[in-house]
Amino acid sequence: MKKPNKCPSCNSKIHISEFHCDNCSTSIKGKFNLGPFDCLDENELEFVKVFLAVGGRIKEIEKTFNISYPTVKSRLEDIVKKMGIGDYDFDAKSKKMEILKKLEKGEITAQDAVKMIRDIKK
């Protein structure tokens, strides 16, 4: 039986409450949290496995799943959020470039640009 990653009744997060040894019948009871990958469904887990296997090369992911770059990026963002492993800003580089363009055009001051860039999550 596949380990469930959410409650089949209310769809909430679940925890493991018992481990059991089939060999000696020892049981360990408690409240055990699931690991970060346990929150992923089978498709998401497969996506992560392929991502790791190809060394994170987006072009390889695009070919393997026959999907576009924006779709790869979107799936990665969804997985990161679902796993709760960070609030990485995937658009930080483009936001910084926009700020630098505004600075270059004289639309903002250097001080404003520094503040805006510091406010962007890395």
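Computed from the coordinates by the stated procedures, all read-outs in this text should not be read as laboratory data. A quick note: this is a predicted structure, and the numbers were derived from the prediction, not measured. Positions of Cβ are backbone-derived with ideal geometry, glycine not excepted, and every protein chain shown enters the neighbour counts.
At-a-glance table
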quantity	calculated
Failed criterion for I108 (all others in (1) surrounded by 13 or more Cβ atoms within 10 Å (Cβ to Cβ); (2) in a helix (DSSP H, G or I) hold)	(2)
Some residue of region 93-100 being in contact with a Cys (Cβ under 9 Å, 6 or more places away or on another chain), surrounded by 11 or more Cβ atoms within 10 Å (Cβ to Cβ) and in contact (Cβ under 8 Å) with a residue 24 or more places away in the chain	no
Candidate set from region 58-75 (those that are loosely packed, with under 13 Cβ neighbours inside 10 Å and in contact with a helix residue (DSSP H, G or I) (Cβ under 9 Å, 6 or more places away or on another chain)); member that is farthest from I14 (Cα to Cα)	K59
Every residue from region 31-84 that is in contact (Cβ under 8 Å) with a residue 12 or more places away in the chain, not in a helix (DSSP H, G or I) and not aliphatic (A, V, I, L, M)	K31, F32, N33, D41, G84
